[in-house]
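Chemist: Take this structure first; my questions come after.
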Amino acid sequence: MGSNGIKHVRVDERLIHGQVATMWTNTIKATRIMIVDDAVVKNDMEKIALKTAVPAGVKLSILTVKGAANNINSDKYAGQQVFLIVKSPQALRGLVDAGVELPQINVGNMSTKAGSRQIKKSVSVTDENLEDFDYLSKKGIKITAQMVPSEDAVEFANLLKK
């Protein structure tokens, strides 16, 4: 974990759901879940659902990419155990471009959509996703795919070779 407080980074379109709320949060001992998504910030219904889903005793931040980068870079979360969750790698690219250091990236769930291809159960990527992941990888960030903590993490690059 870096001194910026980020303990774990996950790409999961479902954001906070059963696996995140119970298994992942407990495994990494998160004290804060940070959702970084420019659209979610503007969606009151989605924010209410996320506030309801966050486990008791865990703080919740729902931020834009710019807001998250400003807070992280000003050491607002130093000393915390932040579980950062995004819907797509594009948000992570924005954070990295803003100078945020990410320890590594865990890809959890990315659903099938037009123009995507499945590379693992529950992970489908578009060409744009692949460009973002490639960019992040070239920045030296380790990227793995892992649905639940009890499953072995798989190197993301190895999935792309299949």
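Chemist: For segment 64-80, how many residues are open to solvent by less than 30 Å² (accessible area, probe 1.4 Å) and not in a helix (DSSP H, G or I)?
Modeler: Initially, segment 64-80 is screened for residues open to solvent by less than 30 Å² (accessible area, probe 1.4 Å), giving 65, 67-69, 72, 77.
In the following step, the residues that additionally are not in a helix (DSSP H, G or I) were identified as 77.
Looking only at that region, the number is 1.
Chemist: Go through (1) outside any loop (DSSP other than H, G, I, E, B); (2) open to solvent by less than 40 Å² (accessible area, probe 1.4 Å); (3) closer than 29 Å to K121 by Cα for L15 and report which single condition fails.
Modeler: Every condition holds for L15 apart from (1).
Chemist: For segment 92-135, what are the residues that are open to solvent by less than 40 Å² (accessible area, probe 1.4 Å) and among the aromatic types (F, W, Y)?
Modeler: If the condition is that a residue be open to solvent by less than 40 Å² (accessible area, probe 1.4 Å) and among the aromatic types (F, W, Y), then F133 is the only one that fits.
Chemist: Something else about it: Applying the selection to segment 81-111, what residues are assigned to a helix (DSSP H, G or I) and of a type outside the set (A, V, I, L, M, F, W, C)? Talk me through it step by step, then tell me what you get.
Modeler: First, the residues of segment 81-111 that are assigned to a helix (DSSP H, G or I): 89-97.
Result: P89, Q90, R93, G94, D97.
Chemist: Can you find even one residue in segment 64-83 that is touching a His at 6+ places or on another chain (Cβ under 7 Å) and of a type outside the set (G, A, S)?
Modeler: Looking only at segment 64-83, we keep the residues that are touching a His at 6+ places or on another chain (Cβ under 7 Å), and these are 83.
Add one more test, that the residue is of a type outside the set (G, A, S), and what stays is 83.
Taking every residue of segment 64-83 in turn, at least one turns out to be touching a His at 6+ places or on another chain (Cβ under 7 Å) and of a type outside the set (G, A, S).
Chemist: Output the number of residues of segment 18-37 satisfying the condition of being in a loop (DSSP other than H, G, I, E, B) and crowded, with 16+ Cβ neighbours inside 10 Å. Spell out the reasoning first.
Modeler: Step one: filter segment 18-37 for residues in a loop (DSSP other than H, G, I, E, B), giving 29-31, 37.
Pick out the ones that are also crowded, with 16+ Cβ neighbours inside 10 Å and you get 30-31, 37.
Residues flagged as in a loop (DSSP other than H, G, I, E, B) and crowded, with 16+ Cβ neighbours inside 10 Å within segment 18-37 amount to 3.
Table: residues versus (1) in contact with an Asp or Glu (Cβ under 7 Å, 6 or more places away or on another chain); (2) modelled with pLDDT of 95 or more; (3) within 21 Å of W24 (Cα to Cα).
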position	(1), (2), (3)
Q90	yes, yes, no
D97	no, yes, no
A114	no, no, no
S137	no, yes, no
T144	yes, yes, yes
M147	no, no, yes
N158	no, no, no
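Chemist: On to the next question. Tell me, yes or no, whether segment 38-56 has at least one residue that is open to solvent by 50 Å² or more (accessible area, probe 1.4 Å), assigned to a loop (DSSP other than H, G, I, E, B) and modelled with pLDDT under 95.
Modeler: Yes, segment 38-56 has at least one match.
The values are calculated or read from the model by the stated rules, or taken from the named source; none is laboratory data. No experiment lies behind these values; they were computed from the predicted model shown. FYI the Cβ positions are ideal-geometry reconstructions off the backbone, even for glycines, and counts take in every protein chain you see. Accessible surface is based on the protein model in full, side chains and every heavy atom, while ligands, DNA and RNA are left aside. Shrake-Rupley method; radii C 1.70, N 1.55, O 1.52, S 1.80 Å.
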